[in-house]
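The values are calculated or read from the model by the stated rules, or taken from the named source; none is laboratory data. Here the structure is a predicted model, which means the values were calculated and not measured. Cβ: placed from backbone, ideal geometry, glycine included. Neighbour counts: every protein chain shown. Note: accessible area is taken over every heavy atom of the protein model, side chains too, but ligands, DNA and RNA are not part of it. Shrake-Rupley method; radii C 1.70, N 1.55, O 1.52, S 1.80 Å.
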Amino acid sequence: MPLPEAFDYAEPDGMELAVGDQVAAPLGPRLLRGVVVGLREATGGNRPLKPVDRRLDEPPLPANTLEFVQWAARYTVDNPGQVLAIALRGARAPKPRPVRLVRPTGAQPARSTPARTRVLEAAGQPAPAAVLAQAAGVSAGVVRGLIDEGVLEVFEIIPEASFDAPDLSRPGSALNASQAAAAGLLNEMLDEGGFNVALLDGVTGSGKTEVYLETAAHALAMDPMAQVLILLPEIALTQAVIGRVAARFGVQPGEWHSEVAPPARRRVWEAVAAGRCRIVVGARSALFLPFANLKLIVVDEEHDGSFKQEEGFIYQGRDLAVVRGKIEQAAVLLASATPSLETLRNAETGRYRWLRLSSRHGVAQLPQIELVDLRSTPPASGCWLSPPLVQAIGETLARGEQTLLFLNRRGYAPLVLCRACGERMTAPDTDSWLVEHRYSGRLVCHLTGFSMPKPERCPHCGAQESLVSIGPGVERVEEEARQLFPDARIAVFSSDTMFDAREARRLVEAMTAGEIDVLVATQAAAKGHNFPMLTLVGVVDADLGLRGGDLRAAERTFQLLAQATGRAGRRDRPGKALLQTYAPEHAVMQALQAQDRDAFVAAEMEERELAKLPPFGRLAAVIASGPDLVQLEAFMREMAQVAPNAGGVEVYGPADAPLALVRGRRRKRFLVRADRGVDLSAYMATWRARVKPPAAIRVAIDVDPYSFL
Ligand SMILES: [Zn+2]
């Protein structure tokens, strides 16, 4: 429950509760699951406390996990109950259902037939009745007859994932000199023990995964109970890393993300709590698993914005990984080719160890990067691929190699407008344009999921066939590529065209196997994958991310494009990347072309330092929303009046949020900037406690915001 603090209950005689125990406790008329966070002698005199109903037959939450939950709630200015609910997600999932198997009892059949003999011969291993009948090549009736006679018996078991111990005798990958040096320093860090953070900083293709798998092997070998957590930003990447962990250690790791089925989730949760599951690969919420003896946390692609959870409990998974490491006295390894400025700052000042992998793995070279100035070589009218890019695709196809066309925009066209009256198609209750999707024939709001069939007449002026699609999405670029290269095998990689992780994996496999010539993809494909035959990356709109205008626009654009262009030319084939831009003189484009990350980082750091913005200052946001604008404005004025005065803190706003209307609710924001030394969480909690919003108004606090919408 989103309660601000724990409630007091009496401990019934003989129950002997301990901190971390899961219990059923009454709240109003209901019995709810709770966790014991503290025990103390009753002082007496007050009204009697309600007793705890019973202890649940569930693993207790380890003390470190409980401390982490409370720390995270305080830091994010959220309710501990909300965070605890995430930590208990596995415990609340349904238990795996029992499976019914049959086995011989030892009794002999009254009447023997060839079919019955075959069943008994096949019944050495317990199996479901249908499987046994199939193995023996008989009808289900024969097996049923033997069960009725008592020759076979039915019994139930609950299937348990084994989570066998990792096989540490397997050889690791052969490391090059640069990798081996990094792995050696990381092993030294583990040998020192305790809490330490390291940044593993290496260009795309330098082999960071091999290094951190060896670090994991060292951690697992040092302590026969040690547990390792590997966090990844995307489910599609989770799949790839699970395969590599299985190959390295000969066991399946625990898998943890939103697509894991609830019974499997419960098995992982219980095995992690019991210490049986020693390697977990998962998304950010795996941080809240009840680890018994966590010794190493790896955050792969640490710069990735997907580590920030933006809804419900708002938190930055990479930052909380460092906190969890501190509480567990574990090592934390942040890996990236384009580290976040926050992490680079910590590395520069020596708070984090900084390990740089200099060369690409094997003989691969970094791709050559060219800027295509769209002002001098524009695409043909109504097209999006410029002549230099079209020519490069043709040459790549002729060599039998692969092309990735990168555009971080889903659907067919980002905007549909009426030629007759100029009306822009927008969502009915939200400040956003509707995106046209040709595969589904619908107009979709990417923010809320609202969708409608594309109308035949303009809903505003009624003109027929007047609606035109403006701008490109991946589906439109795919259409253009098909027209240009009708014989090429072309596919789209985007969250709208793939339904689940399995389909994403199938597409990645097809690309790896060389069954696709041109892949048109959003950022989902820009991360982590290795396509050995990919030698050309075309960035359709390199300026796209720069237009957002928020704090991290340049940083994010640089990271995304460096990742995307880094896909080209792995193994022994040289790669090339073409960036289509209207602003080739922009610092981001210049740094990308020169492949000079350090120059870009230095320039960006200087700007942030002047403005005292992260990593040189801290930010927090307040986002309030409500159905009634007058009421919302009155509340925001009240909030502005009671903002605490504190040195080193500035409050900006209230202002309309850039998305001023979402799902029929008006939105307003405050932005708070604080010096590094300020306890910003305490400041926000104090402020929040001074107001009591009306029931219709929701107030969300975002500490270290990444989205400024
Ligand atoms: Zn119209």
* Quick one: residue 707 ticks every box in (1) more than 27 Å from the chain's Cα centre (by Cα); (2) open to solvent by 30 Å² or more (accessible area, probe 1.4 Å); (3) closer than 18 Å to residue 617 by Cα; (4) not aliphatic (A, V, I, L, M) bar one, so which box is it? -> (1)
* Of residues in the range 206-262 being closer than 25 Å to residue 357 by Cα and part of a loop (DSSP other than H, G, I, E, B), the one modelled with the highest pLDDT -> 232
* Test for residue 613: is it more than 26 Å from the chain's Cα centre (by Cα) and touching a residue at least 24 places away in the same chain (Cβ under 8 Å) -> no
* **helices (runs of 4 or more DSSP H) (entirely within the range 554-668) containing at least 1 residues that are in contact with an Asp or Glu (Cβ under 8 Å, 6 or more places away or on another chain)** => 587-594, 597-611
* **Failed condition for residue 375, given (1) within 16 Å of the ligand (Cβ to nearest atom); (2) in contact with a Phe, Trp or Tyr (Cβ under 8 Å, 6 or more places away or on another chain); (3) open to solvent by 70 Å² or more (accessible area, probe 1.4 Å); (4) not β-branched (Val, Ile, Thr)** => (1)
* To do: State all residues of the range 452-485 that are away from the ligand (no atom under 15 Å from the Cβ) and not in a helix (DSSP H, G or I); if no residue qualifies, say none.
  => 452, 453, 471, 472, 473, 485
* **Close pairs from the range 324-353: first in contact (Cβ under 8 Å) with a residue 40 or more places away in the chain and among the basic types (Lys, Arg), partner open to solvent by 30 Å² or more (accessible area, probe 1.4 Å) and not in a helix (DSSP H, G or I), Cβ under 6 Å, at least 6 apart** => 326/195
* Asked: Looking at the range 395-413, is at least one residue closer than 25 Å to residue 544 by Cβ, free of Cβ contacts under 8 Å to residues at least 40 places away in the same chain and assigned to a strand (DSSP E or B)?
  -> no
* Hits in the range 671-684 (condition: surrounded by fewer than 17 Cβ atoms within 10 Å (Cβ to Cβ) and either touching a residue at least 40 places away in the same chain (Cβ under 8 Å) or farther than 17 Å from residue 74 by Cβ (or both)) -> 675, 676, 677
* Structure fact -> Filtering the range 401-428 for residues that are more than 16 Å from the ligand (Cβ to nearest atom), charged (D, E, K, R) and over 28 Å from the mean Cα position of the chain (by Cα) leaves a count of 1
* Structure fact -> Checked 263, 290 against criteria (more than 18 Å from the chain's Cα centre (by Cα) and open to solvent by less than 10 Å² (accessible area, probe 1.4 Å)); the one match is 290
* To do: Scan (1) of a type outside the set (Asp, Glu); (2) surrounded by fewer than 16 Cβ atoms within 10 Å (Cβ to Cβ); (3) away from the ligand (no atom under 16 Å from the Cβ); (4) more than 22 Å from residue 482 (Cα to Cα) for the single condition residue 439 breaks and write down its number.
  => (4)
* Answer yes or no: is there a residue in the range 131-149 that is in a helix (DSSP H, G or I), open to solvent by 50 Å² or more (accessible area, probe 1.4 Å) and of a type in the set (Gly, Ala, Ser). => yes
* Scan the range 670-701 for residues that are farther than 18 Å from residue 644 by Cβ and outside any loop (DSSP other than H, G, I, E, B) and jot them down. => 698, 700
* **Filter pass, residue 507 being modelled with pLDDT under 90 and either open to solvent by 30 Å² or more (accessible area, probe 1.4 Å) or among the hydroxyl-bearing types (Ser, Thr, Tyr) (or both)** => no
* Structure fact -> Among residues of the range 150-166 being open to solvent by 60 Å² or more (accessible area, probe 1.4 Å) and in a loop (DSSP other than H, G, I, E, B), the residue farthest from residue 103 (Cα to Cα) is 165
* **All positions within the range 167-180 that are open to solvent by 10 Å² or more (accessible area, probe 1.4 Å) and touching a strand residue (DSSP E or B) at 6+ places or on another chain (Cβ under 8 Å)** => 178
* Asked: Quick check, is residue 449 surrounded by fewer than 21 Cβ atoms within 10 Å (Cβ to Cβ) and in a helix (DSSP H, G or I)?
  -> no
* So residue 338, is it open to solvent by less than 40 Å² (accessible area, probe 1.4 Å), more than 16 Å from the ligand (Cβ to nearest atom), touching a helix residue (DSSP H, G or I) at 6+ places or on another chain (Cβ under 6 Å) and in a loop (DSSP other than H, G, I, E, B) -> yes
* The lone exception for residue 207 - which of (1) open to solvent by less than 30 Å² (accessible area, probe 1.4 Å); (2) in contact with a Pro (Cβ under 9 Å, 6 or more places away or on another chain) it fails -> (2)
* Is there any pair with a first residue in the range 649-668 that is closer than 15 Å to residue 426 by Cβ and a second that is hydrophobic (A, V, I, L, M, F, W, C) and at pLDDT below 95 whose Cβ atoms are under 6 Å apart and which are 6 or more apart or on different chains, and what are they? -> 658/709; 659/709
